[in-house]
């Protein structure tokens, strides 16, 4: 949510606005998605990761359109955690002296998130009132790709994606999850009362993908792609939940290793989807290797091996599917020959 000072400034929506989102993984390795209201100016009725635009209260950041405005920074991380709290009520903050995550009563949580949303107090000011030694837990955010809205869109964003792991039960490792939280203390997500969100829910990544495939929910390409990776590494078909903490840790470690793999690594991929052609069923074949017009001529790039298939309808994207580029190349040749 932007501050009142931010709102006073004229906004050029063709310049990508810096924003950030968090893929929040529960102790049971489920993922939090929020159902946006149908009247939302951005992604109406879609299921999205918690997040939103950077505000002046998140710290100094390059102006929109500046080359450095696309790089991971403290302001992206602070905005992601602030928006997570505003939208879902989940607070990712710790006491810097003890390392323990800050605990709140339900009343403190609801009063705080709504006061911040209404710009009655900044996130940092409120956090210090709750705990003088409290700080946003930005260090535990792992970058997981950066997305720039295509130039053809009316509203554009340059969005830093992160993944954050809430620790599994009886966590003793401490290096991929904050040890200051036990599974019994996990905060339950709630909607913001219908201001921007109608529902907040944890489900397995595979279940979110199934619902999108059945057209039960609307999900955009970034969510589908990143959830497919989460499902690939954190889930096994037919297993009983919850899984042992040691097994959960092993899978999370493998996912983190994947995020840091590749050339560039998924932690440093920049993606601005653009159409390469179309499938016989009418779905567009979207290139994931293009970093966007703002980053042309730089060394930033995305994924040269995968593509997204999607059909954009009035209500939002449908039929979103991740495929290997090699699988759809024959259709690209057919597309070129028909031009």
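The separation of region 262-339 from region 50-64, counted between C-alpha centres, amounts to 28 Å. The DSSP beta bridges internal to the chain are antiparallel in roughly 75% of cases. Volume of the convex hull of region 14-90 (Cα atoms only), normalised per residue: 105 Å³.
Against the compact-protein benchmark of 2.2 N^0.38 Å, the Cα-based radius of gyration of region 183-246 scales to 1.30. Simple spin-label model, 7 Å along Cα-to-Cβ: residue 130 to residue 214 in nm? Going from the residue 130 label point to the residue 214 one covers 3.5 nm. Each of 287, 133 was scored by other Cβ atoms within 10 Å of its Cβ. Arranged with the fewest first, they read 133, 287. Under the simplified labelling scheme, the residue 15-residue 247 pair shows an inter-label distance of 5.2 nm, with each label point 7 Å from Cα along Cα→Cβ. Of the residues 81, 148, the one with the fewest other Cβ atoms within 10 Å heads the list, and the complete ranking is 148, 81. Taking 146, 70, 260 as the candidate residues, the one with maximal mean-square fluctuation in a Gaussian network model of the chain, Cα springs under 10 Å, is 260. Among 157, 229, the order by Cβ neighbours within 10 angstrom, fewest to most, reads 229, 157. Annotation for residue 254 and residue 318: the two label points, set 7 Å from Cα along the Cα-Cβ direction, are 3.6 nm apart. Among 33, 325, 92, the largest mean-square fluctuation in a Gaussian network model of the chain, built with springs joining Cα atoms closer than 10 Å, belongs to 325.
Among 281, 71, 192, the largest mean-square fluctuation in a Gaussian network model of the chain, built with springs joining Cα atoms closer than 10 Å, belongs to 281.
For the chain, how big is Rg over Rh, using alpha carbon atoms and the Kirkwood form of Rh? My calculation puts Rg/Rh at 0.96. Calculate, for residue 152 and residue 119, the FRET efficiency according to 1/(1 + (r/R0)^6) with r their C-beta to C-beta distance and R0 45 Å; round to the nearest 0.05. Rounded to the nearest 0.05, the efficiency is 0.85. Working value for region 207-339: equivalent-ellipsoid semi-axes of 29, 21, 13 Å, each the square root of 5 times a Cα gyration tensor eigenvalue, largest first. Computed with the Debye formula from one identical point scatterer per Cα of region 246-324, without solvent, the log10 of I(q)/I(0) at q = 0.16, 0.17 Å⁻¹ comes to -0.73, -0.78.
Read-outs throughout are calculated quantities, based only on the coordinates presented, and are distinct from any laboratory measurement. Since the structure is predicted, the reported quantities are computational estimates derived from the model, not experimental observations. Neighbour counts are summed over all protein chains in view; Cβ atoms, including those assigned to glycine, are modelled from backbone coordinates with ideal geometry.
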